[in-house]
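So the structure is just underneath, and the comments pick up after that.
The values are calculated or read from the model by the stated rules, or taken from the named source; none is laboratory data. Model, not experiment: these values are computed from the prediction. With ideal geometry, Cβ positions are generated from the backbone for all residues, glycine too; neighbour counts draw on all protein chains shown. Surface accessibility is based on the protein's heavy atoms, side chains included, excluding ligands, DNA and RNA. Shrake-Rupley method; radii C 1.70, N 1.55, O 1.52, S 1.80 Å.
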Amino acid sequence: MERSYVPCKPDHMTALEQVSHEAMVFMRGYYCLDEVGNGRDELKFKQGKRTILTVYVKEDRFDFMLIYGKKEREVFEARRAEFPLWVLEIYDNAKTYHDGKWMMFPVSAPEQLEELKPLIFIKKKPNRKPFPKEGAVYGQCGQRCDLCVHYTGQDEDRRQRMLPLLNRVYGELDWSMRCGGCESETCHCKDQLCPAKSCAAQKGLAQCRDCGEHPCVRATTSDHMSMIHTGTYAADEITWGILPYVPWQYEEE
């Protein structure tokens, strides 16, 4: 599967921040999984009891751990020629235990992450059902207004489903504010521009989507929501409590 965007490489982000941001865009864009962190240095992407990928946070890199069973090893072996030497060396040197081959891939550059993505696809086929574009309403920041709990046009049944998920992600907050979108009189940030719209204005752009760096972490309510973290969120919490408020919306093409 191919996405119709170029991995985010804005000038204001370090290589490690680019890896962090793009890893989360990739995993959440293709997969609907629980994210289970230990609060310190580990994040697991899980489907039920099965771990798809584990990421360890180091000072100068991220270690991506994959465990391949027999069928996954057969797929990899049939496609060996597609992978770079550093990946092959790690694969060949990894020990195979009763539950599979344990492989640890150190990643400190966006290019390495791109080379690692096919291995994740081998581990699990994408299972994320993208948000449909039908009825989409975009803000100047590029986010989907119609997916936001505050949007005046939000389906009330969906809003009620979203509220407990938002509370679990952000804590018990007041979600009663209503916004009609960027072009409306009830725009939430009409008088005081949000960081994303302020950035666009400083660049002389009408909207973030006109920027060559879009999507970027400026278009999110909280940077850690779009970067590798060590907290714990259920798949539904990510879908309705996080994805509508981070850069890049996962839509049907």
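Condition first: exposed (fewer than 13 other Cβ atoms within 10 Å of the Cβ) and within 19 Å of E22 (Cβ to Cβ). Can you find one or more residues in the stretch 60-78 that meet it? Yes, because at least one residue in the stretch 60-78 is exposed (fewer than 13 other Cβ atoms within 10 Å of the Cβ) and within 19 Å of E22 (Cβ to Cβ).
Within the stretch 236-253, residues that are modelled with pLDDT of 85 or more reach partners that are of a type in the set (V, I, T) with beta carbons closer than 7 Å, at six or more positions or on different chains, in the pairs E237/V169; G241/V169; I242/V169.
Taking every residue in the stretch 101-126 that is within 17 Å of E17 (Cβ to Cβ) and hydrophobic (A, V, I, L, M, F, W, C) and pairing it with any residue that is open to solvent by 60 Å² or more (accessible area, probe 1.4 Å) and not in a helix (DSSP H, G or I), at least 6 positions away or on another chain, the pairs with Cβ-Cβ distances below 8 Å are V107/R61. Scanning the stretch 151-178 for residues that are farther than 27 Å from H229 by Cα, part of a loop (DSSP other than H, G, I, E, B), over 25 Å from the mean Cα position of the chain (by Cα) and not basic (K, R) turns up T152, G153, S176, M177. If you take the residues of the stretch 218-233 that are at pLDDT 75 or above and open to solvent by less than 40 Å² (accessible area, probe 1.4 Å), which of them is nearest to the chain's Cα centre (by Cα)? Per the stated criteria, the residue is S226. Out of V87, V75, one residue alone is over 25 Å from the mean Cα position of the chain (by Cα), modelled with pLDDT of 95 or more, over 20 Å from C32 (Cβ atoms) and in a helix (DSSP H, G or I). It is V75. Within the stretch 140-154, residues that are without any contact (Cβ under 8 Å) to a residue 60 or more places away in the chain reach partners that are open to solvent by 20 Å² or more (accessible area, probe 1.4 Å) and in a helix (DSSP H, G or I) with beta carbons closer than 6 Å, at six or more positions or on different chains, in the pairs Y151/C145. Within the stretch 209-217, one or more residues are open to solvent by less than 80 Å² (accessible area, probe 1.4 Å) and modelled with pLDDT of 80 or more.
Out of curiosity, is G69 touching a residue at least 24 places away in the same chain (Cβ under 8 Å) and over 30 Å from H214 (Cβ atoms)? Considered against the rule, which asks whether it is touching a residue at least 24 places away in the same chain (Cβ under 8 Å) and over 30 Å from H214 (Cβ atoms), G69 comes out as yes.
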